[in-house]
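I have a structure here, written as structure tokens, and I will follow up with some questions on it.
The values are calculated or read from the model by the stated rules, or taken from the named source; none is laboratory data. Remember, it's a predicted structure, so these values are computed and weren't measured experimentally. Here Cβ is always computed from backbone atoms with ideal geometry, including for glycine, and neighbour counts include all displayed protein chains. These accessible areas exclude ligands, DNA and RNA; they are computed on the full protein's heavy atoms, side chains included. Shrake-Rupley method; radii C 1.70, N 1.55, O 1.52, S 1.80 Å.
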Amino acid sequence: MKLTTTNTAGKLTVSVAGELDHHEAGELAKKIEEQLEANLPRDCVLDLGELKFMDSSGIAVILRIYRRMNALGGRLYVENVPSQPMRVLDASGIDRIVNIAAKA
Amino acid sequence: MKEQNYMKLEFPSRSVNEGFSRAAVAAFAAQLDMTLTEMGDLKTAVSEAVTNCAVHAYPDSIGPVWVRVRILDADTVEVQVKDRGRGIQDVARAREPMFTTGGEERSGMGFTIMESFTDSLKVRSRPGQGTTVTMRKRVGKRVTGR
Ligand SMILES: Nc1ncnc2c1ncn2[C@@H]1O[C@H](COP(=O)(O)OP(=O)(O)OP(=O)(O)O)[C@@H](O)[C@H]1O
Ligand SMILES: [Mg+2]
């Protein structure tokens, strides 16, 4: 997996590329949490535009970041979600708690 | 239903094999005329079943995982994922959305996803003996707007 982060004006954008499954999830969640601790952003944008595959392991990662942002008093936005990951998120009902936007 | 073709895989429950196994199943199933969405659904369902072997069946060790794929009739793919791991005490409860024994790292949505992304899901398990998950999915362009 590839992870790119940019931090501007209290907004941390985390872009994730590759396949997010159980094999990758632990390491990815750890890296993102490190970025959150280092930057303490007001808003976090998780950009999934280059994600090629995601299963339920990704749901747990998103919920983990969501809870961390809540604890920081900030917000999480999951954006640019391609259709396969979107179907997984739809099936999970996670869109009732987290802001999720599909890829245009 | 008539079996047209099949393939079998065996591999250890190492997480690196999750990506391999879903790609292998998809490559084999590609002999059926499938939409991109159907292919994505199949890969996701396989990934859920194989991940459960790595995470739950053999929690503190590495054990064998068997995957069998069958093409049935002209339009149905059947995937069976089998382990000889810990087994499931209460299958009905395990299949409920959000039920997990995996703590923070899991969401308890695996069986729910397998069920909604395929046409049928059968789970057979004996505690201490192992678990067999069998999924069937009918594919091809149909007028359902999926
Ligand atoms: N192959 C298996 N062997 C033993 N137990 C299993 C197996 N598959 C599933 N289970 C049990 O069933 C529960 C539900 O499985 P399910 O895949 O729905 O959710 P999960 O794996 O806990 O979370 P997620 O799939 O969202 O990461 C698991 O927590 C586990 O207790
Ligand atoms: Mg699971």
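List the residues of the stretch A:39-60 that lose 30 Å² or more of accessible area once all protein chains are present, compared with their chain alone (1.4 Å probe, heavy atoms only, no ligands or nucleic acids).
The answer is A:F53, A:D55, A:S56, A:A60 - residues whose exposure falls by at least 30 Å² when every protein chain is included.
Go through the stretch A:64-99 and flag every residue whose accessible area shrinks by 20 Å² or more with all protein chains in place compared to the isolated chain (probe 1.4 Å).
A:R64, A:R67, A:Q84, A:R87, A:V88, A:A91, A:S92
Turning to a different aspect of this structure: Once a ≥ b ≥ c are taken as the square roots of the eigenvalues of the Cα gyration tensor of the stretch B:46-100, is the result rounded (a/c under 1.5), prolate (a/b larger than b/c) or oblate (a/b not larger than b/c)?
oblate
What is the helix-to-structure angle for B:16-29, meaning the angle in degrees between its Cα long axis and the longest Cα principal axis of chain B, kept from 0 to 90 and rounded to the nearest 10?
Rounded to the nearest ten degrees, it is 20.
Where in the stretch B:21-45 is the amide nitrogen less than 20 Å from a point lying 7 Å along the Cα-to-Cβ axis of B:M1?
Correct set: B:22-45.
Take the Cα radius of gyration of the protein assembly as shown and divide it by 2.2 N^0.38 Å, with N its residue count; two decimals is plenty.
Here the answer is 1.03, to two decimals.
Let me ask something additional. Pairing the Cα long axis of helix A:22-39 with the longest principal axis of chain A, what angle in degrees results, from 0 to 90 and rounded to the nearest 10?
Roughly 20 degrees between the two axes.
Moving on to the next point. Roughly what would the spin-label model give for A:D43 and B:T37, points 7 Å off Cα along C-beta, in nm?
With each label placed 7 Å out from Cα toward Cβ, I get 3.1 nm.
How much accessible area does B:V25 have with a 1.4 Å probe, in Å² rounded to the nearest 10?
Surface accessible to solvent at B:V25 totals approximately 0 Å².
Further question on the same structure: Order B:M7, A:M54, most accessible first, counting only protein heavy atoms with a 1.4 angstrom probe.
Per-residue accessible area, sorted high to low, gives B:M7, A:M54.
Cα centroids of the stretch A:68-104 and the stretch B:43-119: how far apart, whole angstrom?
Rounded to whole Å, the Cα centres lie 24 Å apart.
While we're on this one: Can you pull the one-decimal nm distance between simple spin-label points at B:R126 and A:K11, each 7 Å off the Cα toward Cβ?
Placing both labels 7 Å along Cα→Cβ, they lie 5.8 nm apart.
How much of the DSSP bridge set in the stretch A:2-102 is antiparallel, in percent, rounded to the nearest 5?
In the stretch A:2-102, DSSP labels about 30 percent of beta bridges as antiparallel.
Can you give the percent of C-alpha pairs in chain A whose distance is more than 23 Å?
16
Springs between alpha-carbon pairs under 10 angstrom, Gaussian network model over chain B: which of B:E105, B:E18, B:E48 fluctuates most?
B:E105
Continuing with this model, one more query. Leaving out ligands, DNA and RNA, and with a 1.4 Å probe, what % of the accessible surface on the protein assembly as shown is carbon or sulfur?
Here carbon and sulfur together make up 48 percent of the probe-accessible area.
Give me, ordered by chain and number, the residues 5 or more places off B:Q4 or on other chains with an amide H under 5 Å from its own placed amide H.
Under 5 Å from the amide H of B:Q4: B:I71, B:L72, B:D73.
Then there is this: Among B:S47, B:L72, B:G103, which residue has its Cα furthest toward the positive end of the charge dipole of chain B, with +1 on Lys/Arg Cβ and -1 on Asp/Glu Cβ?
Farthest along the dipole direction, towards plus: B:L72.
Here's a follow-up. A 20 angstrom limit on the alpha carbon distance is what I want to check against. Which of B:K43/B:K82; A:K52/A:K103; B:K2/B:K43; A:K52/B:K82; A:K31/B:K43 exceed it?
B:K2/B:K43; A:K52/B:K82; A:K31/B:K43
Over all directions, average the projected area of the Cα convex hull of chain B and note it in nm².
8.6
So if I take the centroid of the Cα atoms in the stretch A:29-60 and the same for the stretch B:1-33, what is the distance between those two points in Å?
Cα centres, the stretch A:29-60 to the stretch B:1-33: 30 Å.
Could you run the Karplus curve 6.51 cos²θ - 1.76 cosθ + 1.60 with θ = phi - 60° over the stretch A:79-85 and give me ³J(HN,Hα) per residue in whole Hz, x for Gly and Pro?
Computed from phi, the couplings for the stretch A:79-85 are 10, 6, 6, x, 5, 5, x Hz.
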